[in-house]
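Below is one structure, written out as structure tokens, with a few remarks after it.
Since every read-out is calculated from the coordinates, none of them should be taken as a lab result. This is a predicted model, so every value here is computed, not measured. Cβ placement follows ideal geometry from the backbone for every residue including glycine, while neighbour counts extend to all protein chains displayed.
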Amino acid sequence: RAATNELIRSRIKIKSMNFMRGRTFLNKYVIIDEAQNLTPKQMKTLITRAGPGTKIICMGNLAQIDTPYLTEGSSGLTYAVDRFKGWPHSGHILLARGERSRLADFASEVL
């Protein structure tokens, strides 16, 4: 177990968006979580860091935007999905339902 934890710590890195300018990711998998809360400019800043061999996964739920100046239409996630639509090297997956619990699904509907 200790060896597995060391492997994970050395291969998975969590970085703040504040430190992405000027970086280039070479042969990496980059996961952008909570992407619904990014502006189009922030999304562009992150995606344009991709160097050769890099794959970027953007994850988010437009129903969970909690940045006061963003909407479903102005979110960086929407912007990226719209701009990459039709490009043969990209894909977009929309999950049909939540994977947390019945309670979480119900709360999403009524709150």
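Treating the beta-carbon of each Lys and Arg as +1 and of each Asp and Glu as -1, no other charges, what is the dipole magnitude of the range 15-110 about its Cα centre, to the nearest 20 debye?
Using Cβ point charges on Lys, Arg, Asp and Glu, the range 15-110 gives about 580 debye.
Most fluctuating residue of R97, R83, R49 in a GNM of the chain with Cα springs under 10 Å: which is it?
Highest fluctuation of the listed residues: R97.
For the ranges 18-24, 53-59, what's the packing order if you count other beta-carbon atoms within 10 Å of each residue, average per peptide, and put the highest first?
Ranked by mean Cβ neighbours within 10 Å, highest first: 53-59, 18-24.
Residue separation times 0.36 nm, minus the C-alpha to C-alpha distance between Q64 and S10: what's the value?
16.3 nm
Just to be sure I understand, if you calculate Cα extents along the principal axes in Å for this structure, which of (1) 42, 39, 29; (2) 65, 33, 27; (3) 53, 27, 24 do you get?
Answer by label: (1).
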